[in-house]
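Participant: Encoded as structure tokens, here's the structure I'll be asking about.
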Amino acid sequence: MNRASAQITDFIKTQSNALGFDFCGISKADFLEEDAPRLEDWLSKNYHGEMAYMANHFDKRLDPRKLMDDCKSVVCVMKNYYSPFEQEAHLPKISKYAYGKDYHKVVKKDLNKLLQELQQFGEIKGRPFVDSAPVLERSWAVKSGIGWVGKNGMLLNKRAGSFFFIGLLLLDVDLDYDTPFVTDHCGSCTKCIDACPTDAILPNKTIVGNQCISYHTIELKSELISSDKKWGDWMFGCDICQDVCPWNRFSEPNSEARFEPRLDILNTTKEEWEQMTEATFDVLSQASPIRRTKLSGIKRNLKFIGK
Ligand code: B12
Ligand code: SF4
Ligand code: SF4
């Protein structure tokens, strides 16, 4: 490795930490050979359901060099969003990732800052992505040595569990690369598979996307298709397969002010949601991930609560 790449690598690791990222790993931008057949199989079985965007850009999704010209390196960061806050039992449930400010905005803003700071080394081109582009974020986290993919499909870290967002920064410079994570620490545990109310978790780490409560309550645009399975009280997303995971016993509360639980949203009752006007929702959902579902989606989801 030359001195310049080692210096930039060190800077990225130190600054990502200073910017509030909890983990940072770096991989060489390459074709994700092992993922290609898995993604193809997942799509061929229609596990993406109505998420048509998942079937687009197959080649780009497997190779970041097709997403950005001259892409040489993939910087992968993780940001903790765990919060011990629990909603009162009678309230419609919102998954933890949506407690605070929209993570797309938060993580992307900080990755842009990192890119900005890198300009002191000369002109470095980069593109930040957070759940916003055709790229297999969890596979890059594994490749960057941050953790393994659990049976629940989540990226898990031994010290910190899975309540983490993943962000990627593609760069046009060569860097020093981390060693991929090759071990699996799920062992014989099947707690997530046993607890999933819609049988969306297959034994081989595959998530049947269109069976997941998260898909039904957030991504599905049409009327919610009821099944014989229980939706529980989830109004937006679902945390069951993370809540039961033993690795999340080590979760520490996040220290990000922007992820402070939005009590105005989290304390809203079923009746208040049902009677809410578009104007009120427009104000309430500012900068919150719940905006994605729109008020019509939330009202649709409420019909299935408790079923
Ligand atoms: C589509 C999508 C969904 C869909 C489909 C879920 C799915 N598992 O594909 C739905 C709406 C259901 C969903 C739900 C959720 N999602 Co989502 N989702 C995505 C998105 C946009 C794409 C995922 C994707 O490409 N799926 C296609 C399949 C084929 O890929 P994959 O699940 O990533 O699995 C790959 C690797 O894990 C890999 N793999 C790596 N190593 C190994 C080893 C073996 C042996 C095997 C078999 C596989 C394997 O195999 C697959 C491809 O090869 C990503 C963001 C992104 N761009 O990556 C966020 C993302 C995965 N989601 C995220 C979150 C937080 C959630 C929820 C927790 C939200 C909630 N609380 O409701 C749930 C969790 C559901 C679950 N158990 O997975 C986070 C996950 C963070 C983490 N720590 O893992 C991501 C990364 C967004 C982000 N930037 O933080 N999601
Ligand atoms: S998020 Fe909920 S519905 Fe989806 S796989 Fe996990 S437990 Fe099952
Ligand atoms: S609940 Fe068990 S099997 Fe599922 S991801 Fe966690 S450790 Fe792995």
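Bear in mind these aren't lab numbers, they're just calculated from the coordinates by the rules spelled out. Everything numeric here is computed off the predicted structure, so don't read it as measured data. Every residue, glycine as well, gets a Cβ built from its backbone with ideal geometry; the counts of neighbours run over all protein chains shown.
Participant: Testing R292 on (1) part of a strand (DSSP E or B); (2) surrounded by fewer than 15 Cβ atoms within 10 Å (Cβ to Cβ), one condition comes back false. Which one is that?
Facilitator: Unmet condition: (1).
Participant: Looking at this structure, is T14 among the β-branched types (V, I, T) and surrounded by fewer than 15 Cβ atoms within 10 Å (Cβ to Cβ)? It would help to see each step written out before you state the result.
Facilitator: Details: among the β-branched types (V, I, T): yes; surrounded by fewer than 15 Cβ atoms within 10 Å (Cβ to Cβ): yes.
When the stated conditions are applied, T14 passes them.
Participant: Now for a separate question. For the stretch 121-178, give me the residue count where each residue is part of a loop (DSSP other than H, G, I, E, B) and not aliphatic (A, V, I, L, M). Walk me through how you get there before you give the answer.
Facilitator: Within the stretch 121-178, the subset part of a loop (DSSP other than H, G, I, E, B) is 122-125, 130-136, 144-147, 150-154, 158-160, 162-163, 172-178.
After this cut, where a residue has to be not aliphatic (A, V, I, L, M) as well, the list is 122-123, 125, 131-132, 134, 144-145, 147, 150-153, 158-159, 162-163, 172, 174, 176-178.
Total satisfying the criteria: 22.
Participant: Looking only at residues in the stretch 25-61 that are over 22 Å from G167 (Cα atoms) and either within 16 Å of ligand 2 (Cβ to nearest atom) or of a type in the set (D, E) (or both), which one is surrounded by the most Cβ atoms within 10 Å (Cβ to Cβ)?
Facilitator: Y47
Participant: Considering every residue within the stretch 136-155, establish whether at least one is of a type in the set (F, W, Y) and under 14 Å from the mean Cα position of the chain (by Cα).
Facilitator: Taking the stretch 136-155 as the starting set, the residues that turn out to be of a type in the set (F, W, Y) are 140, 148.
With under 14 Å from the mean Cα position of the chain (by Cα) added as a condition, the list becomes 140.
Yes: one or more hits.
Participant: Report, by residue number, each residue of the stretch 180-200 that is within 14 Å of ligand 2 (Cβ to nearest atom) and either in a loop (DSSP other than H, G, I, E, B) or in contact with an Asp or Glu (Cβ under 9 Å, 6 or more places away or on another chain) (or both).
Facilitator: Narrowing the stretch 180-200 to residues within 14 Å of ligand 2 (Cβ to nearest atom): 190-200.
T190, I193, A195, C196, P197, T198, D199, A200 - these are the residues of the stretch 180-200 that are within 14 Å of ligand 2 (Cβ to nearest atom) and either in a loop (DSSP other than H, G, I, E, B) or in contact with an Asp or Glu (Cβ under 9 Å, 6 or more places away or on another chain) (or both).
Participant: W247 fails exactly one of the following numbered conditions: (1) within 30 Å of K109 (Cα to Cα); (2) touching a residue at least 40 places away in the same chain (Cβ under 8 Å); (3) part of a loop (DSSP other than H, G, I, E, B). What is the number of that condition?
Facilitator: Here W247 clears every test but (3).
Participant: Sticking with this one: Just one of I240, I218 is in contact with a Pro (Cβ under 8 Å, 6 or more places away or on another chain) and within 12 Å of ligand 1 (Cβ to nearest atom); which is it? Walk me through how you get there before you give the answer.
Facilitator: Working: I218 fails: in contact with a Pro (Cβ under 8 Å, 6 or more places away or on another chain).
None of the others qualify; the one that does is I240.
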